[in-house]
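So the structure is just underneath, and the comments pick up after that.
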Amino acid sequence: MERGESILWQNLSSPELGELARMGAVAIVPVGAIEQHGPHLPVGVDTIAASEVARRAAEEIEEFPVVVTPPVWWGVSPHHMGFAGTINLSTDTLIALLTDICRSVSKHGFERILILNGHGGNAGLVEVAAQRLTEGPEKVWVAAATYFRMISEELDAIGESELGGMSHAGEMETSVVLAVQPSLVRMDRAVDEPRRRLTSFTKADARLGGTVYYPLDLRRDSRSGVLGVPGVASAEKGERILQAAVDKLVAFLREYRELPSEYA
Ligand SMILES: [Zn+2]
């Protein structure tokens, strides 16, 4: 088996996974969404991105093993249901899925688990799932992160669009898919429709999250299903964005693994 293949949970045997747990492997559970991303991107963007960041980070770490579970392909996307192709989970379903998966992974001896999210609509919920897992009866401690929230400063340096250009299906996500799987991008159909900031407190884009949360409804907030500027996207920017996320994730995983046992 190639190293890249042996990082994926579904490719390994039961004894191999048992051995990885004994070696103190960190497990990453990617989660994304199946939701419309305008006329130019596939509906799987968020899961593709989270899985790619997880896989690259796992490959980069040599000093301890990192294993990536199959991703949770679906997320909470009621705000995209007005457009064809979106498959929506209720918030309770997503939290139940994530907590069941993490409990199973933990049961087999993995003491360090990270839920790695790639979808804005899941960002609060992955934290809720981590919190729910501490409620018992058997407490499980997991970490939760949304990859693009870890790199807002780097996105600021990489982005060329005005603020509002790096939200849903915009400069960031289009660049990432151009880097990972360019055959899935139809740039000739890309529409620039920057995200309009509702108030000075709410989210502008991935570079500036805002301090007040207010739910989106893309049928209300966008004509095309895009909230951003895909027109300035490039594969080269996508590589830089992915590498920035991988660098942050690798740094976190190294510190996470060093936490004392009461955090396991
Ligand atoms: Zn997305």
Answer yes or no as to whether residue 105 is open to solvent by 10 Å² or more (accessible area, probe 1.4 Å), away from the ligand (no atom under 16 Å from the Cβ), among the β-branched types (Val, Ile, Thr) and touching a residue at least 24 places away in the same chain (Cβ under 8 Å).
no
Set 86, 93, 99, 69: member being within 16 Å of the ligand (Cβ to nearest atom) and not small (Gly, Ala, Ser)
86
Reported set for region 169-205 where residues are within 15 Å of residue 45 (Cα to Cα) and of a type in the set (D, E, K, R) is 171, 173, 186
Going through 219, 196, 257, 186 one at a time, which residue ends up being in contact with a His (Cβ under 8 Å, 6 or more places away or on another chain) and open to solvent by 60 Å² or more (accessible area, probe 1.4 Å)?
186
Please state which one of 256, 214, 263 is among the aromatic types (Phe, Trp, Tyr) and out of contact with any Leu (no Cβ under 8 Å at 6 or more places or on another chain).
263
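So is residue 133 under 13 Å from the mean Cα position of the chain (by Cα) and over 24 Å from residue 215 (Cβ atoms) or not? Talk me through it step by step, then tell me what you get.
Numbers: under 13 Å from the mean Cα position of the chain (by Cα): no; over 24 Å from residue 215 (Cβ atoms): yes.
No: the conditions fail for residue 133.
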Would you please list the contacts, defined by Cβ atoms under 7 Å and residues six or more apart or on different chains, that run from a residue in region 46-72 that is more than 19 Å from residue 239 (Cβ to Cβ) to a residue that is charged (D, E, K, R) and assigned to a helix (DSSP H, G or I)?
64/257; 68/55
Taking residue 63 as the residue in question, decide whether it is assigned to a loop (DSSP other than H, G, I, E, B) and of a type outside the set (Val, Ile, Thr).
yes
Basic (Lys, Arg) and farther than 17 Å from residue 36 by Cα, is that true of residue 196?
yes
Please find, within region 39-51, the residue that is least open to solvent (accessible area, probe 1.4 Å) out of those that are over 9 Å from the mean Cα position of the chain (by Cα) and more than 10 Å from the ligand (Cβ to nearest atom).
40
Among the residues of region 117-125, are any in contact (Cβ under 8 Å) with a residue 60 or more places away in the chain, surrounded by 22 or more Cβ atoms within 10 Å (Cβ to Cβ) and assigned to a strand (DSSP E or B)?
yes
Let me confirm something: among 250, 212, which residue is among the β-branched types (Val, Ile, Thr) and touching a residue at least 60 places away in the same chain (Cβ under 8 Å)?
250
Just a yes or no: is a residue in region 14-32 of a type in the set (Ser, Thr, Tyr), buried (at least 16 other Cβ atoms within 10 Å of the Cβ) and part of a helix (DSSP H, G or I)?
no
Spot the failing condition for residue 202; the list is (1) within 16 Å of the ligand (Cβ to nearest atom); (2) under 21 Å from residue 224 (Cβ atoms); (3) hydroxyl-bearing (Ser, Thr, Tyr), and only one is missed.
(1)
Just one of the numbered conditions (1) in contact with a strand residue (DSSP E or B) (Cβ under 8 Å, 6 or more places away or on another chain); (2) of a type in the set (Phe, Trp, Tyr); (3) within 14 Å of the ligand (Cβ to nearest atom) is not true of residue 9; which one?
(3)
For region 1-13, what are the residues that are in contact (Cβ under 8 Å) with a residue 40 or more places away in the chain and part of a helix (DSSP H, G or I)?
3, 4, 9, 10
Hits in region 72-98 - residues which are surrounded by 19 or more Cβ atoms within 10 Å (Cβ to Cβ) and in a helix (DSSP H, G or I):
79, 80, 94, 95, 98
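The values are calculated or read from the model by the stated rules, or taken from the named source; none is laboratory data. Predicted model only: the values in this text are computed from it and were never measured. Note: ideal-geometry Cβ built from the backbone for every residue, glycine included; neighbour counts use all protein chains shown. Ligands, DNA and RNA are excluded from the accessible area calculation, which covers all protein heavy atoms including side chains. Shrake-Rupley method; radii C 1.70, N 1.55, O 1.52, S 1.80 Å.
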